[in-house]
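Working notes for the structure below.
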Amino acid sequence: MTSYRNAGIDGHKIFYREAGPSDAPAIVLLHGFPSSSHMFRDLIPQLADRFHVIAPDYLGFGFSDAPAATAFSYTFDNITALVEKLLFNTLGLTKFSIYVQDYGAPVGFRIASRHPQVIEGIVVQNGNAYVEGISAAFEPLKPFWANRNAETEKPVRSLLTAETTKFQYTHGVKNIGAVSPDPWTFDQLFLDRPGNDAIQLDLFHNYPSNVALYDEWHRYFREHQPATLIVWGQNDPFFTVAGAEAFLQDLPKAELHLLDTGHFALEEANTFIAASMRDFLGRAATQRKAAAK
């Protein structure tokens, strides 16, 4: 059974979903834009018999607090710092795997590269870490990154519309009739909160800080060789198949599955992804135990 909890972190309420035995191997599910831990609603029950599952909402997302952009500096570093405090200070985790999707990648790879000793495995689902993975869909953001003003902001605001949110969930799927409208409707409710546009624009503008860390993340991959499973929606309009394959440059033992679906692959492929995770992380645990003897 999933429990729904709140933690006080630096004066902010951080919401998270928790399931599974507290003494089981832990896995932290890190969501993308414009979603929240809600994107893992079908995955969590498929993992909870074997894993201690934690799925937080970042500040400004889902059921976590969303202080105004004038009251909190919304950067990926600051978002990550709150997640770290939840995991290490509040929950006392010392070892865990991570699942990263979209924004979850810059959060998760910051944590992993700073605390390599805690990471037992990585599941990458359309979470980018290579320039090869950045598609042409990012072109409208480049003028905004170079010179933020009202004019360069206009095309970026289109990423906050209900039409774009639905597009993220439906583009590239095999069977649109099998994809529930719940997630994009849910996400849009939070995107449309007063002041949330300023929050999301700040994070969009801060996105190049992630690209600046790619080399650091690649060094982490090469030096520590974390057990890595890549399950990638190959029809993703934002992060390309080349970005999925690029992980193999630094993680040649990573297991790669290209799935015939889109950006939010869990909407169509949650059963396959859950089974792949259970198998992969189980084998990784067996290998760790054997290596420790």
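What follows is calculated from the coordinates using simple rules that are stated; it is not laboratory data. Please read these numbers as outputs of a predicted model, since none were measured by experiment. With ideal geometry, Cβ positions are generated from the backbone for all residues, glycine too; neighbour counts draw on all protein chains shown.
By how many nm would the segment from ARG278 to ALA71 grow when fully extended, if each residue of separation counts as 0.36 nm and the alpha-carbon distance is taken off?
Contour length minus Cα-Cα distance gives 70.4 nm.
Most exposed first by the Cβ proxy, i.e. fewest other Cβ within 10 Å, how do LEU87, LEU93, LEU266 rank?
Listing LEU87, LEU93, LEU266 from fewest to most nearby Cβ atoms yields LEU93, LEU87, LEU266.
In degrees from 0 to 90, rounded to the nearest 10, what is the angle of the helix 266-292 Cα long axis to the longest principal axis of the chain?
So the helix axis and the longest Cα principal axis differ by about 40 degrees.
For the chain, what does -39500 (n - 2.57) per DSSP helix run (n ≥ 4), summed and divided by total residues, give at 222 nm, in deg cm²/dmol to the nearest 500?
-12000 deg cm²/dmol
Normalise the Cα radius of gyration of the chain by 2.2 N^0.38 Å (N = residues in it) and let me know the number.
0.94
In nm, to one decimal, how far is the modelled label at ASP23 from the one at MET1, with both set 7 Å along Cα→Cβ?
For the pair ASP23/MET1, the computed spacing is 2.1 nm.
I'd like the orientation of helix 104-114 relative to the chain: the angle between its Cα long axis and the longest Cα principal axis, in ° from 0 to 90, rounded to 10.
Helix 104-114 sits at roughly 50 degrees to that axis.
Of all DSSP beta bridges in the chain, what percent run antiparallel (nearest 5)?
If I count the DSSP bridges inside the chain, around 40 percent turn out antiparallel.
When the dipole is taken about the Cα centre of the range 3-292, and only Lys, Arg (+1) and Asp, Glu (-1) are charged at their Cβ, what size is it in debye, to the nearest 20?
Roughly 600 debye for the range 3-292.
What is the helix-to-structure angle for 182-191, meaning the angle in degrees between its Cα long axis and the longest Cα principal axis of the chain, kept from 0 to 90 and rounded to the nearest 10?
60 degrees
Could you give the nm distance between label points at ALA212 and THR94, where each point is 7 Å from its Cα heading toward the beta carbon?
It works out to 3.5 nm between the two label points.
Throw me the Rg/Rh for the range 22-88, computed over C-alpha atoms with Kirkwood Rh, two decimals.
Ratio of gyration radius to Kirkwood radius: 1.02.
Pull out the extension gain between ASP42 and ARG222, defined as 0.36 nm times the separation in residues minus the alpha carbon to alpha carbon distance; nm, one decimal.
Answer, rounded to one decimal: 61.5 nm.
Taking 0.36 nm per intervening residue step and subtracting the Cα-Cα distance, what contour gain separates GLU153 from ARG288 on full extension?
Result: 43.8 nm gained on full extension.
Among ASP49, ASP236, ASP182, determine the one that fluctuates most according to a GNM of the chain built with springs between C-alpha atoms less than 10 Å apart.
Maximum fluctuation in the GNM of the chain, among the listed residues, is at ASP182.
What whole-number distance in Å separates the alpha-carbon centres of the range 256-285 and the range 163-195?
Taking the Cα centre of each part, the range 256-285 and the range 163-195 sit 21 Å apart.
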